Amino acid sequence: MTYKQLQEITEILKDIPDSERRDKAVQLMLQSAADTITTDIVNELIEKKNNGKKTSSAKIKFTKKEIESMSK
């Protein structure tokens with residue numbers, strides 16, 4: 001949610017005549033915006049971390065004798 005969208009929603013919410021309902025609506029809208037921002041930031045950080053990480057995979061095979069000598 002952009003700052004401009006937050007401003008527009010706040011202006012619309014000001015038109016609610018019942019102050020209790022208006023305050024509750026503003027609180028919910030701000031909480032939703034905060035949750036969205038937090039989620040976006042976390043996802044962005046995870047993506048950046050994963051893009052910078054080099055990964056590799058390999059298969060390791062053990063013989064029956066090697067497996068038997070491993071601790072249980």
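The values are calculated or read from the model by the stated rules, or taken from the named source; none is laboratory data. Please read all numbers here as calculations on a predicted model, not as lab measurements. Methodologically, a virtual Cβ is constructed for each residue, glycine included, from the backbone with ideal geometry; neighbour enumeration extends over all protein chains shown. Note: accessible area is taken over every heavy atom of the protein model, side chains too, but ligands, DNA and RNA are not part of it. Shrake-Rupley method; radii C 1.70, N 1.55, O 1.52, S 1.80 Å.
Descriptive notes on the structure:
- Surface analysis of the chain yields an accessible area of 98 Å² per residue, using protein heavy atoms and a 1.4 Å probe.
- Whole-Å semi-axes of the chain's equivalent ellipsoid (Cα gyration tensor): 56, 16, 6
- On Cα atoms only, tilt of 19-52 relative to the major axis of the chain in degrees: 30 degrees
- For the chain, the carbon plus sulfur part of the accessible surface works out to 54%, probe radius 1.4 Å.
- The angle between the Cα long axis of helix 3-13 and the main principal axis of the chain comes to about 50°, on a 0 to 90 degree scale.
- Most to least packed among 62-72, 33-43 [average Cβ atoms within 10 Å]: 33-43, 62-72
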